[in-house]
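**Student:** Sharing a structure with you now.
The values are calculated or read from the model by the stated rules, or taken from the named source; none is laboratory data. Small disclaimer: the values here were computed from a predicted structure and weren't measured. Every residue, glycine as well, gets a Cβ built from its backbone with ideal geometry; the counts of neighbours run over all protein chains shown.
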C-alpha cells in the first residue's frame, strides 16, 4: 500500500503530466485540398493536448491561404491564434517533386542507394 503523502504526490504528478500541452506552430500549404482543413480542425479541437501558437500559410496564393486559415480559426472561436503569410510556391512546372530527387525512387530491379 502507498502511504497517503505519496499517493497525493502521485496524483498531482499524473494530473500535471496529462494536462501539459505541447506548443505547436502549424506550417501549412492551406489551399484547394481538404487535408489542411482537417489538420487545422484537429489542432483546434485538441486543446487538451496541444497549444496552437501560430499558423503560417505557404502556398501558390499565401495571402488567400492565410485569410482562409484565419477564417477557419475565427469560426472555431480561436481568433487568438495569429496567422502569418508565408512564401509563395514557385510555379508548379518549376517544382521537381519527389521523383526529381536522385536515388529516392528506384525500380524493384535496381539496388537502393542505401543498400536495402
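**Student:** Anything in region 45-70 that is more than 20 Å from residue 87 (Cα to Cα) and either surrounded by fewer than 16 Cβ atoms within 10 Å (Cβ to Cβ) or more than 11 Å from the chain's Cα centre (by Cα) (or both)? List them, or say none. Please lay out each step first, then the result.
**Tutor:** Narrowing region 45-70 to residues more than 20 Å from residue 87 (Cα to Cα): 45-52.
Listed by number, the residues that qualify are 45, 46, 47, 48, 49, 51.
**Student:** Only one residue in 84, 77 is at pLDDT 95 or above, in contact with a helix residue (DSSP H, G or I) (Cβ under 9 Å, 6 or more places away or on another chain) and on the phi > 0 side of the Ramachandran plot. Which one? Steps first, please.
**Tutor:** Values: 84 fails: on the phi > 0 side of the Ramachandran plot.
Of the residues listed, the single one that is at pLDDT 95 or above, in contact with a helix residue (DSSP H, G or I) (Cβ under 9 Å, 6 or more places away or on another chain) and on the phi > 0 side of the Ramachandran plot is 77.
**Student:** In region 22-43, what residues are closer than 13 Å to residue 82 by Cα and either surrounded by fewer than 20 Cβ atoms within 10 Å (Cβ to Cβ) or at pLDDT below 95 (or both)?
**Tutor:** 24, 25, 27
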